[in-house]
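Shown next, in structure tokens, is the structure this report addresses.
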Amino acid sequence: MQRYSLLNLARHALRGNKQWRSAWRTPTLRRSYDVVVIGGGGQGLATAYYLAKEHGIRKVAVLEKGWIGGGNSGRNTQVCRSNYFYPSSAAFYDHSLKLYEGLSRELNFNIMFSQRGVLALAHSEHELEINRRWANATLMSGVDSEILAAHDIKKLVPRINLQSSYPVLGGFIQWRGGIARHDAVVWAYARAASALGVDIIQNCEVHGFQLSDGRVRGVETSQGAVSADRVVMSVAGHSSVLAQRAGLRVPITTMALQAMVTEPVKPALDTIVVSGAIHAYVSQSDRGEIVIGGGADAYNSYAQRGGLPVMRSTIAAVLELFPSFSRLRLMRQWAGMVDITPDTTPILGLTPVDGLYINGGWGTGGFKAIPAGGHTMAATVANNRPHPLIERFSLSRFERGALIDEGAAAGVAH
Ligand SMILES: Cc1cc2nc3c(=O)[nH]c(=O)nc-3n(C[C@H](O)[C@H](O)[C@H](O)COP(=O)(O)OP(=O)(O)OC[C@H]3O[C@@H](n4cnc5c(N)ncnc54)[C@H](O)[C@@H]3O)c2cc1C
């Protein structure tokens, strides 16, 4: 792997920047691998990277039907935090945040991780009480959290309107929360995995599975059959469709979740502001765009575009909180297909088919979990038993009724 360093930047600049090698290889698909990972989003690529790096399993292919990062990993609003309500969730997401804190250095790629604080607003006494309970639960799990009064919020976010139709009574913040550049996270894992020998195959769709005696033997793809004893499904909004091809029914529904950005402006907002009650969250990207996200569309869909009503209500909510943003022009709007489980907790681990693993059900929150999802899934595949951090996130929890209801702790109630 060609190292990115100040010295190398200077060297290449002197040569007109014409000798940089491709960040990752473009290999041809082999007929057999030790592990096939389906889906070239952040989760799939991180799983492949940790398989190679931590478990020495390097005969790994990541099969992506489009281009890497073309799914949700390149479409999200980049929020990273670990202030989840239940201890098992907080432990898992905090593991992810800690990995994010060292990721640029580990992968030798600037992922632009910026810990600028994620602030959740409370618009009523009741919501403030819920926030206190949530913040205390988070602290009990060893994750940082602080309740802020309305005047503290005004100091932190001077542009906010505390007296709108949705008055702000207070809120709570995780200072270690922040954003990372989503494409960079995908590219960083792809580059590092490729350097360790992982084959990343783009434009290669998996159509089905080769199964016999209750176990997986390989996959059928648009580029022919590939044999592998271990296969990971890491396909976000396509999880239920793909799982069905292996004869599995998973409790996942797919909906469009949209986001939008304004034209870029000078630094105006250096915190991420979330309002669960009015379904909006807002931050400013390093390029200066105001990044806006809202709730999921209210119906199932596989179309990668969102409906107008959600877009309009999200903008209306943001303008209540930030009236000065009404002067900005909206530049782009897009959507991704999110895979939502009944308890809004992901499904990670083994399936009833031997050798077939699932990494899905991230819903609206799997970007922040890319390092931990990849790390724990790699260990699960290598040892054929769930990593302790994801034991409770298994598919079998739905048979046992052992749900982990994180619905109320989602940034925005979906
Ligand atoms: C608008 C929006 C905002 C979001 N905001 C946040 C946020 O702020 N913070 C956060 O933590 N999360 C957020 N998320 C969720 C987050 O983006 C996802 O949970 C995360 O990216 C999931 O990663 P993944 O690798 O599993 O999925 P993806 O990146 O979607 O990757 C799955 C890949 O599988 C490929 N694929 C599908 N079927 C096949 C097949 N049959 N064969 C081969 N390849 C296949 C797809 O093309 C895709 O590239 C948001 C999502 C959206 C849409």
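Readers should treat all values here as calculations from the given coordinates under stated rules, not as data from a laboratory. All of these numbers come straight from a predicted model, not from anything done at the bench. Cβ sites come from the backbone with ideal geometry, for glycine too, and all protein chains shown count toward neighbours.
Taking the Cβ of ARG392 as the centre, find all other residues whose Cβ is under 13 Å away and add up their charges (Lys, Arg: +1; Asp, Glu: -1).
Value of the local net charge: -2.
Build a GNM of the chain with springs between Cα atoms under 10 Å: which of GLY401, GLY294, GLY361 gets the top mean-square fluctuation?
Looking only at GLY401, GLY294, GLY361, the largest GNM fluctuation is found for GLY401.
Between region 269-333 and region 19-86, what is the C-alpha centre distance in whole Å?
Between the Cα centre of region 269-333 and that of region 19-86, the gap is 28 Å.
Determine the dipole magnitude for region 127-279: charges of +1 sit on the beta-carbon of Lys and Arg, -1 on that of Asp and Glu, nothing else is charged, the reference point is the Cα centre, and the result goes in debye to the nearest 20.
With Lys and Arg at +1 and Asp and Glu at -1, about 120 debye.
Using just the Cα positions, wrap region 278-414 in a convex hull and report its mean projected area in square nanometres, one decimal place.
10.1
Over the chain, with a Gaussian network built from C-alpha contacts below 10 Å, which listed residue (HIS55, HIS182, HIS387) shows the highest mean-square fluctuation?
Residue with maximal mean-square fluctuation among HIS55, HIS182, HIS387: HIS55.
Cα convex hull of region 140-220: mean projected area in nm², to one decimal?
Convex hull of Cα atoms, orientation-averaged projection: 12.2 nm².
Give, rounded to the nearest 20 debye, the magnitude of the charge dipole that the chain has about its Cα centre when Lys and Arg contribute +1 at Cβ and Asp and Glu contribute -1 at Cβ.
1440
Run the dipole for region 266-414 about the Cα centre, Lys and Arg Cβ at +1, Asp and Glu Cβ at -1, nothing else charged, and hand back the magnitude in debye, nearest 20.
460
Hey, fewest Cβ within 10 Å first, where do GLU125, GLU289, GLU406, GLU205 land in order?
With the fewest neighbours first, GLU125, GLU289, GLU406, GLU205 line up as GLU125, GLU205, GLU289, GLU406.
Bin by bin, in steps of 10 Å, what percent of the Cα pairs in region 271-329 do you find, going until the bin that has the longest distance?
P(r) over region 271-329, rounded to whole percents: 21, 51, 25, 3.
Output the pairs from LYS53/LYS98; LYS155/LYS266; LYS65/LYS98 with a Cα-Cα distance over 27 Å in this structure; if there are none, say none.
In this structure, LYS65/LYS98 lie more than 27 Å apart at Cα.
At a 10 Å Cβ-Cβ cut-off, how would you order THR28, THR138, THR47, fewest neighbours first?
Ranking THR28, THR138, THR47 by Cβ neighbours within 10 Å, fewest first, gives THR28, THR138, THR47.
Which residue, ALA190, ALA317, ALA236, has the most motion in a Gaussian network model of the chain that connects Cα atoms within less than 10 Å?
With Cα springs under 10 Å in the chain, the top fluctuation among ALA190, ALA317, ALA236 is at ALA317.
Starting with the fewest neighbours, write out LYS53, LYS266, LYS155 ranked by other beta-carbon atoms found within 10 Å of each beta-carbon.
LYS266, LYS155, LYS53
Output the antiparallel fraction of DSSP beta bridges having both residues in the chain, as a percent to the nearest 5.
Taking every DSSP beta bridge within the chain, about 70 percent pair in antiparallel fashion.
In a Debye calculation with equal point scatterers on the alpha-carbon sites of region 1-123 and no solvent, what is log10 I(q)/I(0) at q = 0.10 Å⁻¹?
The calculated log intensity ratios at q = 0.10 Å⁻¹ are -0.46.
Quick one: plug the Kirkwood hydrodynamic radius of region 108-250 (C-alpha pairs) into Stokes-Einstein at 4 °C, 1.567 mPa s, and report D in µm²/s.
Roughly 66 µm²/s, to the nearest whole number.
For the chain, what does -39500 (n - 2.57) per DSSP helix run (n ≥ 4), summed and divided by total residues, give at 222 nm, in deg cm²/dmol to the nearest 500?
Rounded to the nearest 500, it is -8500 deg cm²/dmol.
Could you work out how far helix 308-321 tilts from the main Cα principal axis of the chain, as a 0 to 90 degree angle to the nearest 10?
Approximately 50 degrees, to the nearest ten.
Taking the square root of 5 times each eigenvalue of the Cα gyration tensor, what semi-axes in Å does the equivalent ellipsoid of the chain have, largest first?
Output for the chain: semi-axes of 35, 26, 19 Å.
If you fit an axis through the alpha-carbon atoms of helix 182-195 and take the longest principal axis of the Cα set of the chain, what angle between them do you get, 0 to 90°, nearest 10?
Between the helix axis and the principal axis of the chain, the angle is about 20 degrees.
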